[in-house]
Structure formats: structure tokens, C-alpha cells
Amino acid sequence: MSEHRATIEWTGAAAPADFLKQRYTREHRWTFDGGVTVAASASPSVVPAPWSNAAGVDPEEAYVASISSCHMLTFLFVAAKAGFAIASYRDDAVGVMTKNPAGVAWISKVTLSPKISYAGDKQPTADELDKLHHAAHAGCFIANSVKTEIVIV
């Protein structure tokens, strides 16, 4: 169908002895096919400063953001098809990292908490809203690609 590309670049060269002791920066860059470059780093909760930088996007945050963004974009699509005009959409998404039975850390759950404002007189009932979110989840490319539990509250 399509390809989606990102270039990930790290140039934080350290002296070989420091590198082998894991004393090197985890700061790096993500460059996307449209030309946007994003500062990235390991999460300070995984790699402490000064070897990480909280100002950079970490892979775990990006994972949560991609799930939330995909759900939102799909929700906007299904809402428009159903005749609901969206004025604004905000989600304070949260991912929880736990360990699997083998003791390996993973993001086991992402909770989406969308706050949606509608334009015009047509407002969804609670049942219609639930169906819109279900359709958005079922149609989200990212949600269909991961084993993480995704909850919408």
C-alpha cells in the first residue's frame, strides 16, 4: 500500500572507553520524509541524565502519541461521515510501562482521554459517541499494529 520513512541519527561520539561503560549521550534526531526534524532522547526514566535529555521526545512518548494521533485522525473521519462536526479534540494520553512474564519492559496499556467539542447543533448521544470511538479504534492503523491494550475513557 504505502511506505512511511524516518531517518534516525545519533552522532554523540564518546571516547571508546566511555562508550563501553555506557557513558554516552542518548540524544539523537528523527527526520521525517516531509523534512521535519525532532530532537529525541532516551527517557530519563530509563537512562538518567546526563546521558539522556528530557527535552527530547523519547520512543515511549512517541509510541503513545502515535496511538493517540491515529485514534484522533480516524475519529475525525468517522465523526464527519456520521454527520458530527468537530470543533476541537484534545487527548491527554498516558502509556504505562510494565514487565511481561519474562521480565521484559513494555508499554502494556495506553489510556486515551479525548475531550471533544462539537460545532453546530448535532451532538452525539453517549451510545453514538461509544460507537464512534469503537469505529475509530477498529480503523486506526496503529491500533491494528500493536499488542498494547488501548482503553478510551
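Derivation of every value follows stated rules applied to the coordinates shown; laboratory data play no part. Note that the coordinates shown come from a computational prediction; the quantities given were computed from them, not determined experimentally. Quick reminder, even Gly has a Cβ in these numbers, built from the backbone with ideal geometry, and neighbours come from all protein chains shown.
Here is a yes/no grid of residues against (1) touching a helix residue (DSSP H, G or I) at 6+ places or on another chain (Cβ under 9 Å); (2) surrounded by 11 or more Cβ atoms within 10 Å (Cβ to Cβ); (3) part of a strand (DSSP E or B):
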| position | (1), (2), (3) |
| --- | --- |
| 88 | no, no, yes |
| 96 | no, yes, yes |
| 101 | no, no, no |
| 107 | yes, yes, yes |
| 128 | no, yes, no |
| 150 | yes, yes, yes |
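Scanning the stretch 113-126 for residues that are part of a loop (DSSP other than H, G, I, E, B), among the polar types (S, T, N, Q) and touching a residue at least 12 places away in the same chain (Cβ under 8 Å) yields a total of 2. Can you confirm whether residue 145 is touching an Asp or Glu at 6+ places or on another chain (Cβ under 9 Å) and either free of Cβ contacts under 8 Å to residues at least 24 places away in the same chain or closer than 30 Å to residue 45 by Cβ (or both)? Answer is no for this residue. Look at residue 74 and say whether it is in contact with a helix residue (DSSP H, G or I) (Cβ under 9 Å, 6 or more places away or on another chain) and either of a type in the set (Ser, Thr, Tyr) or more than 24 Å from residue 145 (Cβ to Cβ) (or both). When the stated conditions are applied, residue 74 passes them.
Taken over the stretch 47-61, residues that are without any contact (Cβ under 8 Å) to a residue 12 or more places away in the chain and of a type in the set (A, V, I, L, M) amount to 1.
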